[in-house]
Amino acid sequence: MQEASAIKLSSSFQSSSHFQLLLTFSNTFWWGKFHGWCWLKNGCGDGSYWNKRCGSILISNLATSLKPRYHFAALEKTYYERLPYRNHVVLQENAQHVSRFIALANVGNTSKKKYLYAFSILPMRSMDPAELVKQPQDVTENPYQKSGKEAHKPKMFSGAEEEPACQFFFDLSKQHGKKRPSDGKGGQHSQLKQPKKIHQPTGPCWFCLSSPEVEKHLVVSIGTHCYLALAKGGLSDDHVLILPIGHYQSVVELSSEAMEEIDKYKSALKKFFRSKGKRYVLFERNYRSQHLQLQVIPVPLSCCATEDIKESFILQAQEQEIELLEIPEHSDIKQIAQPGTPYFYVELDTGEKLFHRIKKKFPLQFGREVLASEAILNVPGRADWQQCTASRDEAAAAAKAFREDFQPFDFSELQ
């Protein structure tokens, strides 16, 4: 979209509070941020467009000015629907309707990504005002909102702002969801660190490292915030878990330090399994569990390709009427799911990610069933961990062997 067109469109509707739809095209560069939220595309059409970090502020300013109820973008080969976001600052401005952003893939794409979006919408003028401004439970802060002095600068459609912005997609502020200071500066108390919430299990926890219930003979590596352990009743002898040392229910609740250490473990495991001729699949089920468990399962390279694993997850999800959506590689799951939201999440060794928001029931062994299927590991009898547990001595010996094998790749040994 050219600068003049953006200015004209924004000024034409600036006085209106009834803007329903905004449509932007696939060849439009744009970015919006709430401390760095970004959607990007370089138009390569070969899957590499998530790797560059660039975008335009024109569309973000336009969306901020128009406040559309729905913003559709036709980004080639990409489907994504973010959480609805606010168009007002809580406790500082009058409540307004929320906006929703939906990106649709190209029609008839071979990846079968969603390119149609069915919805019903009532004219804003005919809606009850209270119903119109009602905020959904999963609403987020405005992704285009700026902080501090930037928030008070007049918004200009300047060509100078067309330079690439070094931001990752969906890299939102850690202050997400907190009340903003009314003066935009934060005041004296903004410099004071608030004490961190101490998470406590509601009952005996088998995974808190300090808990007497934890099976310490399965532990193979201990970091500062997280540890690595063999899975009890694993799909294979080298099926491992990445777990926080303290009590946290999901990735969404982790501190930045813990997430950084999890990334280190993921990187170390990727190198380790590659040295064994394997690739790993990682999944998390934040449903009917009280302690975060990142399941890391290696798959021999000779078994299948990463694309086959991805297709197996999608096909089995469709068979069970589970909406498993692909999310952009650089997206942050903390901005897709709020704390306390049940979800299932898969990450492949290529960085590709699949996500399902659990609304009702969910098959507890879904991740294991897919990987145990004939198409991947071909061990259907091991889909249920309770059917394949080993004796304590056998498990301890397996953990010892893995620990020794993994040691050259273990960053915690080098600290």
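Here the label points at GLN137 and THR224, each 7 Å from Cα along the C-beta direction, are separated by 3.7 nm in the simple model.
Would you mind classifying segment 223-278 by shape? Square roots of the alpha carbon gyration tensor eigenvalues, ordered a ≥ b ≥ c; an a/c under 1.5 is rounded, otherwise it is prolate if a/b is larger than b/c and oblate if not. Show your work: numbers first, answer last.
Values: a/c = 2.66, a/b = 1.51, b/c = 1.76.
Judged from the Cα gyration tensor, segment 223-278 comes out oblate (a/c at least 1.5, b/c at or above a/b).
Counted residue by residue at 0.36 nm each, then reduced by the alpha carbon distance between them, the extension gain from LYS216 to GLN365 reaches 51.2 nm.
The amide H of THR140, built 1.01 Å from its N in the peptide plane, has TYR85, ARG86 as neighbours under 5 Å, considering only residues 5 or more places off or on other chains.
Counting only aspartates and glutamates at least 8 places from LYS360 when in the same chain, those with an alpha carbon closer than 13 Å to its own are GLU321, GLU323.
Please report, in cubic angstrom per residue, the volume enclosed by the convex hull of the alpha-carbon atoms of segment 252-293.
Values: hull volume 3.1 nm³, N = 42.
Residue-normalised Cα hull volume stands at 73 Å³.
Treating each Cα of segment 280-381 as one equal point scatterer and applying the Debye formula with no solvent, the log10 of I(q)/I(0) at q = 0.23 Å⁻¹ comes out as -1.42.
Cross-link check: pairs LYS232/LYS266; LYS113/LYS353; LYS278/LYS310; LYS266/LYS334; LYS216/LYS334 evaluated at a Cα-Cα cut-off of 21 Å; pairs beyond the cut-off: LYS216/LYS334. Placing dummy labels 7 Å off each Cα toward the beta-carbon, the span from ASN109 to ARG125 is 3.7 nm. Hey, which aspartates and glutamates would be in cross-link range of LYS271, C-alpha to C-alpha under 12 Å, not counting anything within fewer than 8 residues on its own chain? Correct list for LYS271: ASP349, ASP410.
Rounded, prolate or oblate: which fits segment 209-344, taking a ≥ b ≥ c as square roots of the Cα gyration tensor eigenvalues, rounded meaning a/c under 1.5, else prolate when a/b beats b/c? Taking the square roots of the gyration eigenvalues as a ≥ b ≥ c, segment 209-344 is oblate. For segment 98-141, the spread of Cα positions along the three principal axes, ordered from largest to smallest, is 43, 25, 12 Å. Close amide H contacts of TYR227 (hydrogens built in the peptide plane, cut-off under 5 Å, sequence separation of 5 or more or a different chain): LEU243, ILE245. Once you sort the root eigenvalues of the Cα gyration tensor of segment 263-337 as a ≥ b ≥ c, which label holds: rounded (a/c under 1.5), prolate (a/b larger than b/c) or oblate (the other case)? Since a/c reaches 1.5 but b/c is at least a/b, the shape of segment 263-337 is classed as oblate. Once Lys and Arg get +1 and Asp and Glu get -1 on their Cβ, which of LEU235, GLN249, MET259 lies farthest toward the positive end of the dipole of segment 219-284? Among LEU235, GLN249, MET259, the one farthest towards the positive end of the dipole of segment 219-284 is LEU235.
Grab the Cα-Cα distance for ASN94 and GLN20, subtract it from 0.36 nm times how many residues apart they are, and report the gain in nm with one decimal. Can you show the working numbers first?
Values: separation 74, 0.36 × 74 = 26.64 nm, distance 1.90 nm.
Here the segment from ASN94 to GLN20 would lengthen by 24.7 nm.
Just so you know, all these numbers are worked out from the coordinates, no wet-lab data involved. Computed from a prediction, not measured in an experiment: that's the story for all the values here. Glycine also receives a Cβ, built like all others from the backbone with ideal geometry; neighbour counts cover every protein chain displayed.
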